Amino acid sequence: MNFPVGFYDFHEDTAFNFQLNRFYSFGSLDYNTVAEIGAELTDFDSWSQLFLDKAEVFHNEGKYIASVTCFRAALFFMLDDENDAQGQLYKTELYERCMNEYQAAYRDVDMTYVRVPFKKDYFPVLYKCHPAESKGDIVVHGGYDSFIQEFIPLMQYVYSKGYNVYMFEGFGQGEVLNRCEMKMKPEWELCTKVILDYFNLEDVTLLGVSLGGYLAARAAAYEERIKRVVLYDLIYDFYGAILYRAPEQLQKLINQLMETPSSPKWQMIDGLMRENKFSLWLFQQGREVFGDIDTLYDYYKAIKKYNTVDISPLIQQDVLILAGAEDIYTVYLDKQINALSNAKSVTSRVFTKEENASHHCQVGNIQLVLDYITDWIDSKI
């Protein structure tokens, strides 16, 4: 399979434009569909409705991969205080419809779904293995608020390169969050261990996508069965990156206020946050994913835990660090490389605008980055 190449100006707002390109780059929506939505998109509130309208059209036409991509996109920017006529959170209802649509979209794909038991709950896994010899086992997980179903095109492509591929959701992700109600926590080695134990995997490559660049690093620091780890992309300091593009004075103020959680200035900042729909969405997503978040101070305190400063020296595997030249996380590339003082080897690659791959997770040229990853794994096994 081939992924479309190109990062386009679908919308003038950079946050909207990145997400529009993201849903285009995996090849599930055609250019004209995304361009039409981008042209009609006027504000934050219109995002979900535009994608829902398209989802219904595609569903009625039997184009289920396109329809489920639109359902997923509609969910992405939906605020969590919108209720349906029965008073149920609309996001909850739409999530279930999205999961049903994924089953219709990929019913003919040869892959296996299992629920790996964990305490009273489970971690869902999608996997695809070669019936005879394979090059090895690659374990994949997402990041902040991902669904494993989003990565099925990735799984199919990597499988075509000769690898067995296991994709799982852990704490705070997809079904684990929405059905098991387990919130995200930094100790990613716990859910990774459960997956490796269940499938009896001993010599694996772990690939973490987006915030998975922290989560995979964390798992590798404590799990010796991981022999190679791919940070796709690096997340050296989640808190620092979130503040990176804020005005310098605001950065200084928040850093100071983190030492005084009871300061009345938090109320002022909180009020400003709630007046901006994008900032409000970031906060609500944090509350949903992490739990126990009532204030902006709580949110920043939670994301401060997601950094690789202390765990990087514990990593002794081969490490591949990926970055985009225009990605906010790339400012920490040198620090991440230097922190991996005990790694068996460290390889890094910064993708450029000329390659259509300079944004987060190389949205704009997915095939380029997947080829680079699999070539690197080939060289290390």
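The values are calculated or read from the model by the stated rules, or taken from the named source; none is laboratory data. The structure displayed is predicted, hence computed values, not measured ones. Positions of Cβ are generated from backbone atoms using ideal geometry, with glycine treated the same way; all protein chains shown enter the neighbour counts. Please note that ligands, DNA and RNA were not included when accessible areas were found on the heavy atoms of the full protein model with its side chains. Shrake-Rupley method; radii C 1.70, N 1.55, O 1.52, S 1.80 Å.
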Exercise. Based solely on C-alpha atoms, express the radius of gyration and the Dmax of segment 84-165 in angstrom.
Key: 15.4, 53
Quiz prompt | Coil-residue trypsin sites (Lys or Arg not before Pro) of segment 101-159, DSSP, other Cβ within 10 Å capped at 12 | solution = Arg107, Lys119, Lys120
Quiz item: Roughly how many nanometres apart are two label points built 7 Å out from the Cα toward the Cβ at Leu190 and Thr260?
Solution: 3.5 nm
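Write down the accessible area per residue of segment 94-156 in Å², having rolled a 1.4 Å probe over the full set of protein chains.
Per residue, segment 94-156 has an accessible area of 46 Å².
Quick one: with all protein chains in place, what share of the accessible area of segment 49-170 is carbon or sulfur, to the nearest percent (1.4 Å probe)?
Carbon-and-sulfur percentage of accessible area, whole number: 47.
So what is the 222 nm mean residue ellipticity for the chain from helices alone, if each DSSP H run of at least 4 adds -39500 (n - 2.57) and you divide by all residues, rounding to the nearest 500 deg cm²/dmol?
-14000 deg cm²/dmol
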Quiz item: How much of the accessible area of segment 219-356, probe 1.4 Å, is carbon plus sulfur, in whole percent?
Solution: 48 percent
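Keeping all protein chains in place, calculate the accessible area per residue for segment 1-84 (probe 1.4 angstrom), answer in Å².
44 Å²
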Exercise. Give the relative contact order (percent, whole number) for the chain; include only Cα pairs under 8 Å separated by 6+ residues.
Key: 15 percent
Exercise. With r as the distance between the Cβ atoms of Arg349 and Asn200 and R0 = 35 Å, compute the FRET efficiency 1/(1 + (r/R0)^6) and round to 0.05.
Key: 0.65
Exercise. Please report, in Å, the Rg and the Dmax of the chain, where both are computed over Cα atoms only.
Key: 20.2, 64
Quiz prompt | Highest-MSF residue in the chain out of Ile269, Ile235, Ile37 [GNM, Cα springs under 10 Å] | solution = Ile269
Quiz item: Which of the GluC sites (Glu not before Pro) found in segment 87-181 are in a DSSP loop and have at most 15 neighbouring Cβ atoms, other than their own, within 10 Å?
Solution: Glu133, Glu181
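If you place +1 on the Cβ of every Lys and Arg and -1 on the Cβ of every Asp and Glu, how big does the dipole about the Cα centre of the chain come out, in debye to the nearest 20?
1020 debye
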Self-check item: Three-way shape call for segment 314-381 based on the alpha-carbon gyration tensor, with the a/c threshold at 1.5
Solution: oblate
Quiz item: When the Kirkwood radius is taken over all Cα pairs of segment 266-337, what Stokes-Einstein diffusion coefficient follows at 37 °C and 0.692 mPa s, in µm²/s?
Solution: 223 µm²/s
Exercise. Enter the accessible area per residue of segment 198-325 (Å², integer; probe 1.4 Å; all protein chains in place).
Key: 44 Å²
Quiz item: So between Asp292 and Leu79, what do we pick up on full extension, going 0.36 nm a residue minus the alpha carbon distance?
Solution: 74.9 nm
Practice problem: Using label points projected 7 Å from each Cα along Cα→Cβ, tell me how many nm separate Asp378 and Asn2, to one decimal. | Solution: 1.9 nm
Practice problem: Order the peptides 21-32, 210-221, 137-148, 6-17 from the highest to the lowest mean number of other Cβ atoms within 10 Å of their residues. | Solution: 210-221, 137-148, 21-32, 6-17
Quiz item: What FRET efficiency would be calculated for the residue pair Glu248, Glu224, taking the C-beta separation as r and a Förster radius of 45 Å, to the nearest 0.05?
Solution: 0.60
